[in-house]
Each structure stands twice: as C-alpha cells, then as structure tokens.
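A short worksheet on the structure shown next.
The values are calculated or read from the model by the stated rules, or taken from the named source; none is laboratory data. Since the model is a prediction, treat every value here as computed from it, not as a measurement. Reconstructed Cβ throughout: ideal geometry from the backbone, glycine too, with neighbour counts over all protein chains shown.
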Amino acid sequence: MKIAKYPFAVFSAALFTVMLMTPVSSLTKLIWLASVDMPVGLISSLEMILFDFQRMGIGLYILVIIGFTVAFTTAGLISRLSSLGGKYLYAIAGGTAIFMTLFLMVELVFQSELIAGNTTVIGKILHFIAGFFGGYFFYFLISSERNYTFIIRFLGIFYAYWLLGLVLQWIFTPISASADFGFVFNELSSDAQNALLRDFTSFFVATFLFSILGTITLNPAWFFSAGIVYFGAGIFNLIAIYAHGTGFNQIFIFEFILGAWPTALALIIILKERQNIQSNK
C-alpha cells in the first residue's frame, strides 16, 4: 500500500484539479454567450458545466496526470536534496504543472487555445490556483499512511465519473442518447418515448447513486447493487440475442465490465474486513 499510495495520490489530485478547472472554461463560455446577447438560463448553464466536466475532463485528466507526475517527482527530489519542502512546495509545483501543461498544449501540439478558460488572464490565474490546490491536496494524501480504502474510494469515484456521462446524456440529450442504443426516438409513440426515457434514465441514475453511496460509506451492498444491475443487463442481453433472435451487439461486453468493476470493489471490502477481524482475534 505504501508504494501504491503515490500513484493513486497523483490520480486523485489530478481528478480534484480537473474538477476545479472545467467550471472555469464553462463559465468563460457562458460569459461570452451572455455578452453577445445569447440566452443563458439556469438549466442550460448547469448542462454546459456538467457536460464540460464529463467530456473535456477525461482528456484534460490524462494531461494533468502527466504534468503532475513530472512536477511532483521534481518537487520530491528538491525536498530530499535541500531544506525546501512541505505542502507549499508541492502546491507551487502543482500550479506550475498546470500552467506549463496548458502552455505546451498550445505551443507544441494544437497551435491554438482549445480550453476556453485559458483564453483570458483571469482564466490562466484560476487554472494556476486550481493546480496550486491540487498540489496541496497531493501533499495531504502522501503526508500520512493510507489503507486500502483510499484506493477503493478513488476507483469508486472514477467508476461514477464514467457513469456520469450516461446520466447526463439521458437527462439533457435523450434523443442522441437513445440513438446510441439503436432507437429512432421521433419514430416511437409517445408512450414508448416516455417508457424509454423514464426506464433508461432511472437505470443509469440509480447505478450512479449506488456507486457514490458505496464510495462514501464503503458499504459493499451499494457496490453489489450496481454490479448486479449491470450483470443482469449483460445476461439478459445475451438471452435476447440467442433465445429471442434479436440482433447481435457487443454492448454486453461493457455491461459485464460495468458489473465486474463495483463487484470487485465490494469483494475487496469484505475480504479486508474479514482479515481485520481475524487479525484482531
């Protein structure tokens, strides 16, 4: 666990930083839309913020992980070789990593600013501050011993992050979401549209909430609940294909993956709890 603590601390700090960064871009776009007299409502604003976090977040997350890995490794070496160190060294390293990552994205790769929040001076400052807090959070995570629950919670949150995309699609863009599952929404009857929206939306919202509750409480029952739902979907998908002659699809692969992920987390929690009980006897 001591070795695993550092990479998972980087992953967690990067995710925390991305959560701070993406609203900056969303708010920048909303301010620009308002400046050109485009209608900006509460629901549309919330939709943009959530979608930016889910869609832009994964690519940005990978870049932040790379930047943080270099920055925190450098900060660790400086801490070992000099009297400098502590939380502020890692905080400054985090802010510098974000600034340099976004700068190099423009200068070396895309030749244009892809992240709306980085087009203004204020946006650049806010991104640096996000990295600063990300570095501070990293130091907090490595400054004390962590047990297996640290990794369980990270994997639970990351699982919920993947489900969030499906939740947002079915809530805000149900027509395109249904098309991904082979439905032509406008050709369905109103009753069929209603059934499709309520059932699929509740399906993904429920499993998203199960994963969040499992992450917070570390109660394996919540993770098992999410796993059972997706295992059931995968099994009945295969039954529909081979017993009822529906068209073949490969969605069942992802359904089994989405079922196995939380189930594995639940089993690890149970195993570790039993080991703790045995060691205390």
Item to check | Residues of region 169-184 satisfying the condition of being out of contact with any Phe, Trp or Tyr (no Cβ under 6 Å at 6 or more places or on another chain) and over 14 Å from ASP199 (Cβ atoms) | outcome: GLN169, PHE172, THR173, SER176, ALA179, ASP180, GLY182, VAL184
Item to check | Selected residue (criterion: farthest from ILE216 (Cα to Cα)) from residues of region 238-281 that are surrounded by 12 or more Cβ atoms within 10 Å (Cβ to Cβ) and of a type in the set (D, E, K, R) | outcome: GLU255
Checklist entry - What number of residues within region 195-212 are farther than 13 Å from ARG153 by Cα, touching a Leu at 6+ places or on another chain (Cβ under 9 Å) and not hydrophobic (A, V, I, L, M, F, W, C)? => result 1
Next on the checklist: Consider region 213-237. How many of its residues are surrounded by 18 or more Cβ atoms within 10 Å (Cβ to Cβ) and within 15 Å of GLY156 (Cα to Cα)?
Outcome noted: 11
Item to check | Among the candidates VAL36, VAL18, VAL70, residue that is modelled with pLDDT of 90 or more and among the aliphatic types (A, V, I, L, M) | outcome: VAL70
Checklist entry - Going through region 234-281 one residue at a time, which ones are part of a helix (DSSP H, G or I), more than 23 Å from the chain's Cα centre (by Cα) and aliphatic (A, V, I, L, M)? => result ILE235, LEU238, ILE239, ALA240, ILE241, ILE270, LEU271, ILE277
